[in-house]
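I have placed the structure first, in the form of structure tokens, so that the comments after it can refer back to it.
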Amino acid sequence: MAWTLGQLQTFVAVAERGSMTRAAEALGYSIGAVSQHMSALRRTIGSELVHRRGRALVLTEAGRTLLPRAKAILAAQQQAETAMLGRDFGHEAIVTLGVFGSTSTFALPAIVRLLAERHPDIAVRAREVNVETMSAAVIDGAIDLGIGIDYPAVPLPPMRGLHWQTVAAEDFGVVTPAGVALPGPGDLAEADWILPPAPDLFGRAMRLATSAMGIQAKETHIVTDTAVALALAGTGLGLTLATPIMMSLGGDDIDLHPITGAGGREIIVLTAPAPSTPVAAVAEVVAEVFA
């Protein structure tokens, strides 16, 4: 069938928003262009994909059949673009490494430098990936290997097509403005807290950590970005938890106070179960940097 990626993208937008007008706004198209894409796709499929119910467009049986497959096609196309982006095929091997915030600032420069010394024939390309989806990115082939996080309090389940190695472990501590002493138990319970969203693994681990400290944290600020959470803590807007590596995202205006029994996190390197020789070489360098 001679559909185009643009037509599939338009169809998905219409299906998700229930309106050609809202789909046009989301895609930056005119309503006429959206209508043309939908008409061309309908002719290719040979069946109506949507029909009107009141003021909304809903999927027909053909539309419901196509939608997940259209999403899969678009996701594969995005993965292909990501895999090819910035590639220099003059090298013998190019390895794409998934990183996230604190690992980027703490380890990436050393990884690139050490890899150039040990394996000058291997070029590493960093891709920032949400740490919550790092495993899926490796399994799907969007990256060759990734630096991830495992929380002993909420451990990652075994996953087919994925192997990981623990390369570092670190404990949580309480972050306060620089020069401010660690509050006592009563003050910790009464303090405002800056925490990540509860549904995230990080958020769950943080809440289990505060529970292990014997407090029910008052969740005043919900912040996804660790750098933002550290910045807010530095201004005195609340307390948060961090590890020594996470503190690399902060400045000189914050202090980390070690605590006992609150748990922590493990830095892991994620690869396919039988990685290629270049990927295994990069994984070895990553492990050495974190050791």
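The values are calculated or read from the model by the stated rules, or taken from the named source; none is laboratory data. The model shown is predicted, which means the values in this text are computed figures rather than measured ones. All Cβ positions, glycine included, derive from the backbone under ideal geometry; neighbour counts span all protein chains shown. Heavy atoms of the whole protein, side chains included, go into the accessibility calculation; ligands, DNA and RNA do not. Shrake-Rupley method; radii C 1.70, N 1.55, O 1.52, S 1.80 Å.
Scanning region 161-177 for residues that are more than 16 Å from Val269 (Cβ to Cβ) and either without any contact (Cβ under 8 Å) to a residue 12 or more places away in the chain or in contact with a Pro (Cβ under 6 Å, 6 or more places away or on another chain) (or both) yields a total of 1. If you go through region 122-152 and keep only what is of a type in the set (S, T, N, Q) and without any contact (Cβ under 8 Å) to a residue 60 or more places away in the chain, you end up with Asn130, Thr133.
Among the candidates Ala281, Ala231, the residue that is surrounded by fewer than 20 Cβ atoms within 10 Å (Cβ to Cβ), farther than 21 Å from Ala191 by Cβ and of a type in the set (Gly, Ala, Ser) is uniquely Ala281.
Conditions tested, residue by residue: (1) modelled with pLDDT of 90 or more; (2) surrounded by fewer than 12 Cβ atoms within 10 Å (Cβ to Cβ).
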{"position": "Glu61", "(1), (2)": "yes, yes"}
{"position": "Arg64", "(1), (2)": "yes, no"}
{"position": "Leu74", "(1), (2)": "no, no"}
{"position": "Gln77", "(1), (2)": "no, no"}
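Scanning region 180-190 for any residue that is in contact (Cβ under 8 Å) with a residue 60 or more places away in the chain and not aliphatic (A, V, I, L, M) turns up nothing.
From the list Ile194, Ile147, which residue is of a type in the set (A, V, I, L, M, F, W, C), closer than 14 Å to Leu97 by Cα and not in a loop (DSSP other than H, G, I, E, B)?
Values: Ile194 fails: closer than 14 Å to Leu97 by Cα.
The conditions single out Ile147.
Would you check if Gly214 is open to solvent by 30 Å² or more (accessible area, probe 1.4 Å), closer than 21 Å to Ala153 by Cα and touching a residue at least 60 places away in the same chain (Cβ under 8 Å)?
Values: open to solvent by 30 Å² or more (accessible area, probe 1.4 Å): yes; closer than 21 Å to Ala153 by Cα: yes; touching a residue at least 60 places away in the same chain (Cβ under 8 Å): no.
No; evaluated as a whole, the condition is false for this residue.
Given the structure, is Asp187 farther than 24 Å from Ser248 by Cα and open to solvent by 30 Å² or more (accessible area, probe 1.4 Å)? Here the answer is yes, as Asp187 does meet what is asked.
Put simply, of Ala2, Ala56, Ala15, Ala26 the only residue that is in contact with a strand residue (DSSP E or B) (Cβ under 8 Å, 6 or more places away or on another chain), open to solvent by 20 Å² or more (accessible area, probe 1.4 Å) and in contact (Cβ under 8 Å) with a residue 12 or more places away in the chain is Ala15. May I ask you to verify whether Pro157 is more than 23 Å from Val289 (Cβ to Cβ) and either without any contact (Cβ under 8 Å) to a residue 12 or more places away in the chain or open to solvent by 40 Å² or more (accessible area, probe 1.4 Å) (or both)? The answer is yes for Pro157.
From the list Ala281, Ala227, Ala291, the one residue that fits, being within 22 Å of the chain's Cα centre (by Cα) and under 22 Å from Val112 (Cβ atoms), is Ala227.
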